[in-house]
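The values are calculated or read from the model by the stated rules, or taken from the named source; none is laboratory data. These numbers were taken from a predicted model, which means no experiment stands behind them. Don't worry about glycine lacking a Cβ; one is built from the backbone with ideal geometry, like all the others, and counts go over all protein chains shown. We work out accessible area using only protein heavy atoms, side chains counted, and drop any ligands, DNA or RNA first. Shrake-Rupley method; radii C 1.70, N 1.55, O 1.52, S 1.80 Å.
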Amino acid sequence: MHQEKIAAAIQEVKKIVVGQDRMINRLLIGLFTNGHILLEGVPGLAKTLTVNTLAKVLHLDFKRIQFTPDLLPSDLIGTMIYNQLNANFEVKKGPIFSNIILADEVNRSPAKVQSALLEAMQEKQVTIGETTFVLDKPFLVLATQNPVDQEGTYPLPEAQVDRFMMKVNIDYPSKRDEMEVMRRMTDAFFVSEVNPLLNKEDIFAIRAEINKVRIAEPLENYIIELVFCTRFPEKYGMEQESRYIQFGASPRASINLNLAAKAVAYMDGRDYVLPEDIKEIAVDVLNHRIILNYEAEADNISTRDIILRILDKIPLNKTAVFN
């Protein structure tokens with residue numbers, strides 16, 4: 001079992017990153033379950049720093065790509081270049097050929113670039129010219145987007161956002177945490193080095209162990225009920241909420257709730273899933289998969305509000321609805 005190594009890795013990341021325990025946890029869940037993560041938060045909340053530090057602790061290849069309006073798909077995946085010495089074309093691989101990709105401000109780039117990234121996420125391979133290259137494993141995309149400055153951006157379509165396992169909203173640090181950040185960053189002698197504590201073999205072993213975590217059938221039914229309630233809220237006595245939901249969660253929600261709950265249980269030192277594991281991860285797995293209408297925006301209702309109401313409404317022992 002690798003729980004002690006994981007705990008040590010988290011402490012190593014926290015040498016540099018202050019007050020973002022939840023973000024670190026979600027990034028590790030994505031890595032251990034082969035799921036990509038979308039991070040959303042205002043600038044300055046250590047999103048890039050956390051990902052960079054985590055990659056060092058995990059001893060994985062890391063590339064940061066700043067998405068801009070003039071970025072081209074070839075800047076991401078690579079292209080064919082002409083070698084004058086050999087008089088032929090050669091493949092020049094792009095930064096996508098790495099273990100961890102930080103797609104910084106992914107909504108700044110046009111649709112062609114976004115689709116190239118999302119195709120690599122889905123297929124785990126890239127085609128340059130007539131040659132297809134399989135991406136190295138593990139391959140994890142951590143994308144960030146700024147929710148406040150939307151002018152000149154290209155919002156990701158809902159169908160593409162659905163390919164991310166979780167969308168994690170990053171909050172401001174507490175006063176105590178921000179005080180610690182300020183003291184560290186204004187100390188000219190602060191050492192920002194970390195030690196690699198996990199490697200690829202550890203990650204693959206952890207994935208195999210998470211795959212053995214047991215989830216009872218009532219909990220599988222519970223996951224199905226939660227997802228179906230987002231699609232047909234009126235059938236669950238949630239007529240008020242049904243006024244706000246335009247589209248419910250896709251089947252990817254059920255899959256990722258199951259995977260993420262197993263990872264939460266494993267990192268908590270258990271080989272079985274509890275209802276609390278599902279509830280802990282539900283908001284991050286569902287919040288980008290429920291599409292609300294304009295009425296919800298007018299009434300200041302968020303997807304988080306809807307998910308929390310669903311969690312309160314659906315009992316654990318309810319029989320699954322399969323029709």
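Do we find a residue being without any contact (Cβ under 8 Å) to a residue 12 or more places away in the chain, farther than 20 Å from Asn287 by Cα and open to solvent by 30 Å² or more (accessible area, probe 1.4 Å) anywhere in region 217-228?
For region 217-228, residues without any contact (Cβ under 8 Å) to a residue 12 or more places away in the chain, farther than 20 Å from Asn287 by Cα and open to solvent by 30 Å² or more (accessible area, probe 1.4 Å): present.
Could you run through region 80-126 and say how many residues are open to solvent by 20 Å² or more (accessible area, probe 1.4 Å), in contact (Cβ under 8 Å) with a residue 12 or more places away in the chain and not charged (D, E, K, R)?
Number of matching residues: 9.
Anything in region 18-35 that is surrounded by fewer than 22 Cβ atoms within 10 Å (Cβ to Cβ) and either touching a Gly at 6+ places or on another chain (Cβ under 9 Å) or free of Cβ contacts under 8 Å to residues at least 40 places away in the same chain (or both)? List them, or say none.
Once the filter is applied, which keeps residues that are surrounded by fewer than 22 Cβ atoms within 10 Å (Cβ to Cβ) and either touching a Gly at 6+ places or on another chain (Cβ under 9 Å) or free of Cβ contacts under 8 Å to residues at least 40 places away in the same chain (or both), region 18-35 yields Asp21, Ile24.
Under 9 Å by Cβ, and 6 or more places apart or on different chains, what pairs join a residue from region 249-275 that is touching a residue at least 12 places away in the same chain (Cβ under 8 Å) and farther than 19 Å from Ala7 by Cβ with one that is assigned to a helix (DSSP H, G or I) and of a type in the set (Ser, Thr, Tyr)?
Ala249/Thr230; Ala253/Thr230; Pro275/Tyr222
Which count do you get for residues in region 274-297 that are closer than 15 Å to Ala216 by Cβ, open to solvent by less than 10 Å² (accessible area, probe 1.4 Å) and either assigned to a loop (DSSP other than H, G, I, E, B) or aliphatic (A, V, I, L, M) (or both)?
Qualifying residue count, region 274-297: 1.
Between residues in region 184-201 that are in contact (Cβ under 8 Å) with a residue 24 or more places away in the chain and residues that are surrounded by fewer than 13 Cβ atoms within 10 Å (Cβ to Cβ), which pairs lie under 6 Å by C-beta distance while being six or more apart or on different chains?
Arg184/Phe190
Do you know which residues across region 132-155 are open to solvent by 20 Å² or more (accessible area, probe 1.4 Å), at pLDDT 75 or above and touching a strand residue (DSSP E or B) at 6+ places or on another chain (Cβ under 8 Å)?
Selection gives Thr132, Phe133, Val134, Gln145.
Report yes if Leu259 is in a helix (DSSP H, G or I), open to solvent by 40 Å² or more (accessible area, probe 1.4 Å), touching a Ser or Thr at 6+ places or on another chain (Cβ under 6 Å) and not polar (S, T, N, Q), otherwise no.
yes
Leu102: modelled with pLDDT of 85 or more, in a helix (DSSP H, G or I) and touching a Phe, Trp or Tyr at 6+ places or on another chain (Cβ under 9 Å), yes or no?
no
Working carefully through the options Arg214, Arg231, Arg252, find the one that is open to solvent by 70 Å² or more (accessible area, probe 1.4 Å), closer than 21 Å to Val161 by Cα and more than 22 Å from the chain's Cα centre (by Cα).
Arg231
Kindly indicate whether Val194 is among the β-branched types (Val, Ile, Thr) and part of a loop (DSSP other than H, G, I, E, B).
yes
Could you tell me how many of the residues in region 53-79 are loosely packed, with under 15 Cβ neighbours inside 10 Å and part of a strand (DSSP E or B)?
Result for region 53-79: 1.
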